[in-house]
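For reference, the structure discussed in these notes is given below.
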Amino acid sequence: MDAPQRLNEDIESWETMMFLYNSAIKEVGTKLEILNDEFQHVHQYNPIEYIKSRVKSPESICKKLKRYGREATIENMVHYVNDIAGIRIVCSFTSDIYRVADMIGSQNDLTVVSLKDYIKHPKESGYKSYHMLVTVPVFLSDRVVNTRVEIQIRTMAMDFWASLEHKIYYKFEGNAPEYISKELRACSDIVSRLDEKMLSLNHAILAAKEEQEQKIYTA
Ligand code: 0O2
């Protein structure tokens, strides 16, 4: 039985739906904190700068269903809206994004439903981020409900761009003048260059530090 069907059978009301999505966020959030702490413990380095999470607002859910040409029913929400529970992970470097994605993908109790790499294949708008749609089992007293969570992983620079673009996009209800869209795409290119530069600087700093330590050790 696939996840959406199972969910439909188990969710009877709006309150139950929201309870499950909130619980799913808590489960995945705790998992991420543990992974980040373990990484710090083993490598003395945190791949995750910060994590934000939210449950999509009813208005936003209905808007999305309208866009999909679907009626605003609980069944349709559960079946068609993948990002009701959303977690955003913000990393320092692009390499951390794939490291974190691998760590999430190898968790036995999470099922990866789909992956969208908008870093290798940015959206027309210039949007860059790595999206993972996962299901997490939420253990209730009498049943287990596999609940979907969308995880967005991006760098701080990508997050800065996406937050501003989101504001502008909504101000214009998706019909921003072409020159603004063009400028935003240009800014997205700058973000990529900044991320590349920061990553190579980090490599250079680590190499210099190692060289210094070796000199001290051999002196
Ligand atoms: P909000 O307000 O952030 O919740 P699908 O999930 O496959 O049915 P969808 O929704 O197009 O279809 O999936 P996708 O492309 O994975 O996008 C989901 C979310 O990614 C969006 O949710 C945004 O949060 C973010 N996103 C996608 N494209 C853009 C973009 O061009 N600019 C910005 N700033 N964010 C983007 P919502 O529901 O659109 O918005």
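Can you confirm whether the range 34-52 contains a residue that is within 16 Å of the ligand (Cβ to nearest atom), within 24 Å of residue 19 (Cβ to Cβ), open to solvent by less than 70 Å² (accessible area, probe 1.4 Å) and modelled with pLDDT of 95 or more? Break it down stepwise before answering.
First, pick out the residues of the range 34-52 that are within 16 Å of the ligand (Cβ to nearest atom): 51-52.
Then drop every residue that is not within 24 Å of residue 19 (Cβ to Cβ), which leaves 51-52.
Right, trim to open to solvent by less than 70 Å² (accessible area, probe 1.4 Å) and you get 51.
Subsequent filtering for residues that are modelled with pLDDT of 95 or more retains 51.
Checked against the condition, which is being within 16 Å of the ligand (Cβ to nearest atom), within 24 Å of residue 19 (Cβ to Cβ), open to solvent by less than 70 Å² (accessible area, probe 1.4 Å) and modelled with pLDDT of 95 or more, the range 34-52 yields at least one hit.
Considering every residue within the range 101-119, establish whether at least one is more than 16 Å from the ligand (Cβ to nearest atom), assigned to a loop (DSSP other than H, G, I, E, B) and surrounded by 13 or more Cβ atoms within 10 Å (Cβ to Cβ).
Yes, the conditions are met somewhere in the range 101-119.
Taking the options 59, 71, 75, name whichever one is free of Cβ contacts under 8 Å to residues at least 40 places away in the same chain, more than 9 Å from the ligand (Cβ to nearest atom), in a helix (DSSP H, G or I) and open to solvent by 70 Å² or more (accessible area, probe 1.4 Å). Full working, then the answer.
Details: 71 fails: in a helix (DSSP H, G or I); 75 fails: free of Cβ contacts under 8 Å to residues at least 40 places away in the same chain.
Going through 59, 71, 75 in turn, just one is free of Cβ contacts under 8 Å to residues at least 40 places away in the same chain, more than 9 Å from the ligand (Cβ to nearest atom), in a helix (DSSP H, G or I) and open to solvent by 70 Å² or more (accessible area, probe 1.4 Å): 59.
Out of (1) surrounded by 17 or more Cβ atoms within 10 Å (Cβ to Cβ); (2) closer than 16 Å to residue 27 by Cα; (3) more than 15 Å from the ligand (Cβ to nearest atom); (4) polar (S, T, N, Q), what's the single condition that is false for residue 92?
So residue 92 meets the others, but not (2).
Which one is farthest from the ligand (Cβ to nearest atom) among residues in the range 138-162 that are open to solvent by 20 Å² or more (accessible area, probe 1.4 Å) and part of a strand (DSSP E or B)? Give the steps one after another, and end with the answer.
Looking only at the range 138-162, we keep the residues that are open to solvent by 20 Å² or more (accessible area, probe 1.4 Å), and these are 139-144, 146, 150, 152, 156, 160.
When the remaining residues are screened for being part of a strand (DSSP E or B), the result is 139, 144, 146, 150, 152.
Numbers: 139: 26, 144: 24, 146: 17, 150: 7, 152: 6 Å.
So, considering only residues that are open to solvent by 20 Å² or more (accessible area, probe 1.4 Å) and part of a strand (DSSP E or B), the one farthest from the ligand (Cβ to nearest atom) is 139.
The values are calculated or read from the model by the stated rules, or taken from the named source; none is laboratory data. Treat the numbers as computed from the prediction; the structure is a model and nothing was measured. Positions of Cβ are generated from backbone atoms using ideal geometry, with glycine treated the same way; all protein chains shown enter the neighbour counts. Only protein heavy atoms, including side chains, enter the accessible area calculation; ligands, DNA and RNA are left aside. Shrake-Rupley method; radii C 1.70, N 1.55, O 1.52, S 1.80 Å.
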